[in-house]
1. Quick check on the range 110-153: of everything there that is closer than 30 Å to R63 by Cβ and among the hydrophobic types (A, V, I, L, M, F, W, C), which residue is surrounded by the most Cβ atoms within 10 Å (Cβ to Cβ)?
2. Mind telling me which of the residues I189, I175 ends up being free of Cβ contacts under 8 Å to residues at least 40 places away in the same chain, in a helix (DSSP H, G or I) and of a type outside the set (D, E, K, R)?
3. Limited to the range 159-169, what total is found for residues that are in contact with a helix residue (DSSP H, G or I) (Cβ under 8 Å, 6 or more places away or on another chain) and buried (at least 16 other Cβ atoms within 10 Å of the Cβ)?
4. Scan (1) closer than 21 Å to K19 by Cα; (2) touching a helix residue (DSSP H, G or I) at 6+ places or on another chain (Cβ under 6 Å) for the single condition A185 breaks and write down its number.
5. Quick one: would you say D156 is out of contact with any Pro (no Cβ under 7 Å at 6 or more places or on another chain), surrounded by 21 or more Cβ atoms within 10 Å (Cβ to Cβ), at pLDDT 95 or above and closer than 20 Å to R11 by Cα?
6. Between residues in the range 79-98 that are over 18 Å from G152 (Cα atoms) and residues that are hydroxyl-bearing (S, T, Y) and in a loop (DSSP other than H, G, I, E, B), which pairs lie under 8 Å by C-beta distance while being six or more apart or on different chains?
7. Would you check which residues across the range 150-167 are more than 20 Å from V94 (Cβ to Cβ), part of a loop (DSSP other than H, G, I, E, B) and in contact with a Leu (Cβ under 9 Å, 6 or more places away or on another chain) and list them?
8. Kindly list, by first and then second residue, each pair from a residue in the range 12-38 that is part of a strand (DSSP E or B) and surrounded by 14 or more Cβ atoms within 10 Å (Cβ to Cβ) to a residue that is hydroxyl-bearing (S, T, Y) and modelled with pLDDT under 95, limited to pairs with Cβ atoms under 8 Å and residues at least 6 apart or on different chains.
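The values are calculated or read from the model by the stated rules, or taken from the named source; none is laboratory data. Every value quoted in this text rests on a predicted model; they were computed, and no experiment measured them. Don't worry about glycine lacking a Cβ; one is built from the backbone with ideal geometry, like all the others, and counts go over all protein chains shown.
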Amino acid sequence: MLEIVLATRNRDKIREIGKILSNVDIRFLSLEDFPECPVVVEDGETLEENAKQKATVVSQHTRKVCLAEDTGLEVEALGGAPGIHSARFAGNNVPYEDNNRKLLKLMEKVPLEKRRARFRCVVALAKPDGEIVTREGVCEGLIAFEMRGKSGFGYDPVFIVPEYGKTFAELGEDIKNRISHRARALMKIKEIINRL
């Protein structure tokens, strides 16, 4: 069975990626299985640069195929912020709620018609020989006026999917894992994984 290392220590991402790719014959490992793996500083200027950097470093270290992703929430009223800084929007190692509260505070006077946003996810798949491919997934939406729903993680409680009129956190993981930015990027990379 093919082993792929997920270049993350984020258990929410590990669980979600595993569920989205559950019908592929893969054994997933994560950085928790390689505690000596170096920490990759995400200092790229784009999601793609960060994903490729993580995938390459971890693949070289583990000598295994590695899948890495970087995700950003781009809010039009904030000029595309938080973007590549989404995970650290309110500071390093803060709870998801802090990022959401900061976002809602910045958006509190913005009317509904100007609350457009998109989630963008870039997935990179690297092999130890240096070969690397990337795929991108995008999900368009709106920023809610308050946190809604209990499911998911990150910005899920404030990201409304217009077709459903609900946040990712209200939709639940089954629907989210079919329509999200991460699901769209992973479905594209799945074709490449199936050829490995």
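1. Checking each candidate, the answer is V123.
2. Exactly one of I189, I175 is free of Cβ contacts under 8 Å to residues at least 40 places away in the same chain, in a helix (DSSP H, G or I) and of a type outside the set (D, E, K, R), namely I175.
3. The number of residues fulfilling the criteria is 5.
4. Of everything listed in (1) closer than 21 Å to K19 by Cα; (2) touching a helix residue (DSSP H, G or I) at 6+ places or on another chain (Cβ under 6 Å), A185 misses just condition (2).
5. On the way: out of contact with any Pro (no Cβ under 7 Å at 6 or more places or on another chain): yes; surrounded by 21 or more Cβ atoms within 10 Å (Cβ to Cβ): yes; at pLDDT 95 or above: yes; closer than 20 Å to R11 by Cα: yes.
So D156 passes the test.
6. From the range 79-98, the pairs are I84/T46.
7. S151, P162, Y164 - these are the residues of the range 150-167 that are more than 20 Å from V94 (Cβ to Cβ), part of a loop (DSSP other than H, G, I, E, B) and in contact with a Leu (Cβ under 9 Å, 6 or more places away or on another chain).
8. The qualifying pairs are S30/T8.
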